[in-house]
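Data first, discussion second: the structure below is written as structure tokens.
Every number here is computed from the coordinates shown, using simple stated rules; none is lab data. Everything numeric here is computed off the predicted structure, so don't read it as measured data. Quick reminder, even Gly has a Cβ in these numbers, built from the backbone with ideal geometry, and neighbours come from all protein chains shown.
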Amino acid sequence: MSSDFNAIRKLYDDDRFVELLHHPNGIFWLKLRSISRIEQMRQFCQQIQFDIEGIPSHQLFEQVYKHKPDKQVLESFIRELFQQERAERRERENYIIAQLYQMKVFDWGGLYQNSLERTIVDNYIKRIQSWDELNSVIDHEIHLSMKGYVQCSWYNHWSSILIEDIFKDHPSVLPAMGLVKKVDFFIHEFPFDLKVTYFPDGYMEMLRKAKGLRPELTSLKAFCRQQGIWFDNAKSAGALFSELFAKVTEHPSQAAQEFMADFKATRMRLLQQTIENPESLKIWLYENQGVRRFDAANRFFLVLVNANDFDESWKLKRNKDLLASSIHSHLDEMMPDGMENLRLEFQWQNENYAAYADILFIVVNKIDQSGS
């Protein structure tokens, strides 16, 4: 039994989730690990009347696994733990949602979670030689950027908890209580890591290229030059895109209105094609992970889209009624015998990987696709 435990742990440590999933005891091991915090495990042992006297804390998980407690008892215990935590959050949920609606602009300020330190070092520490200039930059640029960074991180944290709870409230979902990397919950015995995202710019560019279309930003800049709409080409691509999208949208000319109607209709067509055939996007999302964030765990991709303005999609993360209705309807339709259909294969750095991945699009403000 010890070798069995260690074999599963190695699969887990090596991110070989497909093999772990098909191991006879792999899912049971994951569920038990989700309550492997000492206090939780002691509570569980007390419930199943398993004597832990003399067992070192670091061996408790393995010893309980060897004891092989009943699966249904384990799942009931996990659900009870979740309901205890959920009750506390539920009391504050309306307050948290109201606070999320205080967020008016989603702007990282040029600082991002995966490159915060590097951005500061490269753009300020290594570039600036003057003490006075450094402090001026701290007081103005970095202060504002850090404010945006903290606000965006705060918004993502609390909205993610809200969304996870929506999934975990569904009867077909078993929560993972903690200490299980890359597993947020189980759906019909399949572990999933939830990824909330928006329609990727890079994927849209790929779709447009396949249709013989220029990138969206290139198309916007060309139209603005043609119409004499000034812009600063030195700005970052993201900032410039947002500026030109707003300028053309708000421009009173008939040409601007026609251009934007066609621009949005093209977006909508490509979005709809992706919704109807999502396999390519799922693979793209795996293959375009950053080096530091790569893994091949099973994933549930929740893609939020404001079809009228993709940049406003972040607001959907706080729309509980919309999210709950769409997510629960999707979970209602997921059947145990259909889970194998979620398997996909992809490549990353010339290595082949396999995973199980589902995807749900929540789209608001759908627009006419009749543009050319």
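Here are some notes:
- Subtracting the Cα-Cα distance of ALA210 and ILE275 from their residue separation scaled by 0.36 nm leaves 21.7 nm.
- Of all DSSP bridge pairs formed entirely within the chain, close to 45 percent run antiparallel.
- Every Cα-Cα pair in the stretch 138-187 was counted, and those over 17 Å apart are 53% of them.
- Fully extended contour minus Cα-Cα distance, from ALA98 to ARG127, at 0.36 nm per residue: 6.3 nm
- By the equivalent-ellipsoid construction on the alpha carbon gyration tensor, the stretch 214-266 comes out with semi-axes of 17, 12, 9 Å, ordered largest to smallest.
- If you plug the beta carbon distance of GLU19 and LEU344 into 1/(1 + (r/R0)^6) with R0 = 22 Å, you get a FRET efficiency near 0.90.
- Extended-chain gain in nm, criterion 0.36 nm per residue less alpha-carbon gap, SER236 and LYS71: 54.1 nm
- Max-minus-min Cα coordinates of the stretch 1-76 on each principal axis give 34, 25, 20 Å, with the largest extent listed first.
- Exposure proxy order (Cβ contacts within 10 Å, fewest to most) of THR197, THR119: THR197, THR119
- Translational diffusion coefficient of the chain (Stokes-Einstein, Kirkwood radius from Cα pairs, 25 °C, 0.890 mPa s): 103 µm²/s.
- Counting only residues at least eight positions apart within a chain, or on another chain, the lysines with an alpha carbon under 19 Å from that of LYS71 are LYS31, LYS168.
- R0 of 25 Å, Cβ-Cβ distance ASP139-ALA246: FRET efficiency to nearest 0.05: 0.30
- Across the chain, the relative contact order, built from alpha-carbon pairs under 8 Å that are at least six residues apart, equals 19 percent.
- The simple spin-label model puts a point 7 Å past each Cα toward its Cβ; for ILE38 and ALA265 those points are separated by 6.6 nm.
- Volume in Å³ per residue [convex hull over Cα atoms, computed for the stretch 103-168]: 77 Å³
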